[in-house]
Amino acid sequence: ANIAALGITGSFTAADKTYDGSTAATVLTRTLAGVLAGDVANVILTGTATFDTALAGTGKTVTLAGATLTGTAAGNYTLAPVGTTTATIGKATATVTVSGYTGVFDGAAHGATGTATGVGGVNLSASLTLGATFINIPGGTANWTFSGGTNYTDQSGSVAIVISNNSP
């Protein structure tokens, strides 16, 4: 006699992560409903979790691609399509380096210099505003800002622009 495989359902949860430029997700838990008590240790839900996009955000959809059953009793069951779950990709912190200026009066405008670098070495300097420039003694303070957009946290700070007398 042929015995039909028992239909079961599966679900999973995914871990939150910090923006890393990828859609890779980490499965926290895998649950199967409908497995007979004697088979619970011998039927395992497998698959690879992925976020719908790599962009930072809350309540992002995560799917379990290639969801299948493994284990010594897996052949006794058929798996219904596994639904999605949600998780958060938090904003990353860019590496922002801003330097002030110290020099003697020369009639030229002087200001801060800086760079902003993201995940994987991505140049984000276009999102860095370096603040005021100064020509006259004694200089001043350049207040800089970094606008992180969707994937990076905003940052700000200030640096001194010091212009001193050009003594003979």
remark   = For region 66-168, the Cα gyration tensor yields equivalent-ellipsoid semi-axes (√(5λ), largest first, whole Å) of 56, 11, 8
query = Using alpha-carbon positions, what is the distance between the centroids of region 107-130 and region 49-65, in Å?
reply = 31
note = Quick calc: nm separation of the 7 Å Cα→Cβ label points for residue 84 and residue 6 -> 3.1
message = With θ taken as phi - 60° and the coefficients 6.51, -1.76 and 1.60, list the Karplus ³J(HN,Hα) couplings across region 122-138 in order, rounded to whole Hz; mark glycine and proline as x.
response = 4, 6, 10, 4, 5, 8, 9, 9, 8, x, 6, 10, 9, 10, 8, 5, x
query = Roughly how large, in nm² to one decimal, is the mean projection of the convex hull of the alpha-carbon atoms in region 1-141?
reply = 12.0
task = Kindly report the accessible area of the chain per residue (heavy atoms of protein chains, probe 1.4 Å, no ligands, DNA or RNA), in Å².
result = 55
request  = Roll a 1.4 angstrom probe over the protein heavy atoms and tell me the percent of accessible area of the chain that is carbon or sulfur.
outcome  = 54
In Hz, Karplus ³J(HN,Hα) per residue of region 85-102 (6.51, -1.76, 1.60; θ = phi - 60°; x = Gly, Pro) = 9, 10, 7, 10, 9, x, 5, 8, 9, 6, 8, 10, 10, 10, 10, x, 9, 9
key: Relative contact order %, the chain, counting alpha carbon pairs below 8 Å whose residues are six or more apart   = 20
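The values are calculated or read from the model by the stated rules, or taken from the named source; none is laboratory data. Since the structure is predicted, the reported quantities are computational estimates derived from the model, not experimental observations. Backbone-built Cβ (ideal geometry, glycine too); neighbour counts: all protein chains shown. When the accessible area is computed, the model is the full protein with side chains, heavy atoms only, and any ligands, DNA or RNA have been set aside. Shrake-Rupley method; radii C 1.70, N 1.55, O 1.52, S 1.80 Å.
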